[in-house]
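Since the structure comes first, as structure tokens, the remarks are kept for the end.
None of the figures in this text is laboratory data; all of them are computed from the coordinates on show. Because the structure is a prediction, the values reported are computed rather than measured. Please note: Cβ atoms are built from the backbone with ideal geometry, for glycine as well, and neighbour counts cover all protein chains shown.
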Amino acid sequence: MQKSLKTPEFGAPLPAACPSDEAVALLWRRRSTPADFLSAPGPDSETLQKILTIAARAPDHRRVVPFRFVVFEGEARAEFGETLADAFKADNPGVEESRIEIERNRFLRAPVVVAVISSINAAHKTPVWEQTLTAGAVCQNMLVAASAFGFAAQWLTEWYAFDDRINDALSMAADENIAGYIYIGTAKEEPRERARPILEDIVTWRR
Ligand SMILES: Cc1cc2nc3c(=O)[nH]c(=O)nc-3n(C[C@H](O)[C@H](O)[C@H](O)COP(=O)(O)O)c2cc1C
């Protein structure tokens, strides 16, 4: 594990490529761990800073920075669970308490949950679609970084990523959207491989 990584200064020379068998192995076998199978420990604050720093290095046309993070740790996870439970209760009057408990405990499934907010600047020359893609790349960078630091993770949206009341609780502007909630922790159980696209089905070679 690299302990002494320094954030490159602006204009510093950087390697154009970083050949690494370990990086290839990580990407070759990368697998999400369902949030229900996550537990503590999560990354400490220094490691989490690094994970977020790596996530924020995603490709970003014209440096719009069309994303931001809200990080949930500790008590804040249970507090946010109350917000989820209240909204769920309002939508499902009379629903049994055990079902509401699921909402209350959602963010408690992992020690760290990062809301990645797609924050579009529609007036910018960079197309909205490209800005949207950047937020997705940020989420993927975060998953890969978490794995490289030894943590399991899952990218979720679930119902609360599309709910105005929940977005308001995150102080999101009308033109902001949840790109994903990234749950980060330690796997209680190793995941198994899922079906993957067959390359021949999705690649057109033109030579
Ligand atoms: C934008 C986005 C939202 C997702 N939301 C959910 C979700 O709400 N629930 C879920 O079970 N999986 C969701 N997934 C899928 C998982 O994150 C994961 O990709 C999937 O379980 C396959 O695992 P893999 O990442 O190992 O391929 C989402 C993926 C993306 C890209």
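Mind checking the stretch 139-204 for trypsin sites (Lys or Arg not before Pro) that DSSP puts in a loop (not H, G, I, E or B) and that have at most 15 other Cβ atoms within 10 Å?
The qualifying sites are Lys188, Arg192, Arg194.
Return the whole-Å distance between the Cα centroid of the stretch 129-207 and the Cα centroid of the stretch 15-32.
With the stretch 129-207 and the stretch 15-32 each reduced to a Cα centre, they are spaced 18 Å.
Provide, for q = 0.16, 0.23, 0.24 Å⁻¹, the log10 of I(q)/I(0) from a solvent-free Debye sum over equal Cα point scatterers in the stretch 83-183.
So the normalised log intensities are -0.78, -1.20, -1.25.
Per residue, how much space in cubic angstrom lies within the convex hull of the C-alpha atoms of the chain?
Once divided by residue count, the hull of the chain is 183 Å³.
Name the most mobile residue of Val112, Val24, Val144, meaning the one with the largest mean-square fluctuation, in a Gaussian network model of the chain with Cα contacts below 10 Å.
Looking only at Val112, Val24, Val144, the largest GNM fluctuation is found for Val24.
From the phi angles alone, apply the Karplus equation (6.51, -1.76, 1.60; θ = phi - 60°) to the stretch 133-142 and give each ³J(HN,Hα) in whole Hz, x where the residue is Gly or Pro.
Result, rounded to whole Hz: 4, 4, 4, x, 5, 4, 4, 5, 4, 5.
With +1 on each Lys and Arg Cβ and -1 on each Asp and Glu Cβ, how big is the dipole of the chain about its Cα centre, in debye rounded to the nearest 20?
For the chain, the charge dipole is close to 1020 debye.
What number, in percent, do you get for the relative contact order of the chain if the mean sequence gap of Cα pairs under 8 Å and at least 6 apart is divided by its residue count?
Over the chain, the number comes to 31 percent.
Between Val95 and Val128, what is the FRET efficiency for a Förster distance of 41 Å, r being their Cβ-Cβ separation, to the nearest 0.05?
0.65
Could you check the spin-label model distance between Leu170 and Arg192? Points 7 Å from the Cα along Cα→Cβ, value in nm.
The modelled label-to-label distance comes out at 3.2 nm.
Could I have the simple spin-label model distance between Ala56 and Arg206, label points 7 Å from Cα toward Cβ, reported in nm to one decimal?
Roughly 3.9 nm, to one decimal.
What does the highest-first list of 10-16, 87-93, 54-60 look like by mean Cβ count within 10 Å?
Averaged packing, sorted descending, gives the order 54-60, 87-93, 10-16.
In nm, what is the difference between 0.36 nm times the number of residues separating Asp86 and Leu199 and their Cα-Cα distance?
The span from Asp86 to Leu199 would gain 36.2 nm if fully extended.
Mind ordering 169-178, 113-122 by average Cβ neighbours within 10 Å, highest first?
The packing order, highest mean first, is 113-122, 169-178.
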